[in-house]
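Below is one structure, written out as structure tokens, with a few remarks after it.
All of the numbers you see were taken from the coordinates with simple rules; none came from a lab. Predicted, not measured: the structure shown is a model, and the values here were computed from it. Cβ atoms come from the backbone with ideal geometry, glycine included; neighbour counts cover every protein chain shown.
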Amino acid sequence: MSPASEELSPRRREILAAATTVLAEQGNRGLTHRAVDREAGLSEGSSSAYFRTRDALLGALGDFVADQLAADVEALGARLADCPGDHERAVAEVSRLFARWLDQPDLLAARLELTVAATRDPRLAARFTLWREDLVAMVRAVMSGAGKDGGASAETLVAALDGVLLASLMLPVRRRRRFVAESVEQLLAGLGPPEP
């Protein structure tokens, strides 16, 4: 977790939650202090009192979103470390986390917008690179625990799981969970026990 996010006041959290929704619904161009104030139900100028510039708002939002995802990934890693080599449990745990994320489509859409913005913003790129490296390290450890090669294949698996999650946002809501569950099962099949 970034130090900035650990110290967030309730008002800053409220503003960043509203900014997450604005970014998800209106995209990067729609992220303005005025739009965030409207979404949060605050008087005009409130968010700029906490985040003076748009860059400050975007940077804090990047930390806010990445920290939420990182906390979930860390918890997932701890649960999977308790069951090395248990393919069924790995599939169930990853599917459960993804299902919870699907219940927060604004968080996923905001992350997608921030990832695109990070291609032009070195600070955001550094933050999201750190989050991704932590995720890859966790997957590599799980793969090693299952007796599988956890090298470059861990990065490939993370990229594939990420793609599944983001692709699910393009589906009707009623189809998302099944698509994610089936895709996770297919992608993690290589971590299962060897065939007799």
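Values computed for the structure shown
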| item | result |
| --- | --- |
| Sparse-neighbour loop sites [trypsin sites (Lys or Arg not before Pro); region 1-96; at most 12 other C-beta within 10 Å; DSSP] | ARG52 |
| Length added when fully stretched, GLU25-ASP162, from 0.36 nm per residue minus Cα-Cα | 47.3 nm |
| Extended-chain gain in nm, criterion 0.36 nm per residue less alpha-carbon gap, GLN186 and HIS87 | 34.5 nm |
| Debye log10 I(q)/I(0) for region 1-97, one point scatterer per Cα, at q = 0.13 Å⁻¹ | -0.54 |
| Computed lengthening from ASP55 to ALA99, 0.36 nm per intervening residue step minus Cα-Cα distance | 12.7 nm |
| For the chain, calculated [θ]222 nm from helices alone, where every DSSP H run of n ≥ 4 adds -39500 (n - 2.57) | -25500 deg cm²/dmol |
| Low-density loop positions, GluC sites (Glu not before Pro), region 43-109 - DSSP coil, at most 10 other Cβ in 10 Å | GLU44 |
| FRET efficiency, 1/(1 + (r/R0)^6) with R0 25 Å, evaluated for ARG79 and ARG177 via beta carbons | 0.80 |
| Cα convex hull of the chain, projected area averaged across orientations, nm² | 11.6 nm² |
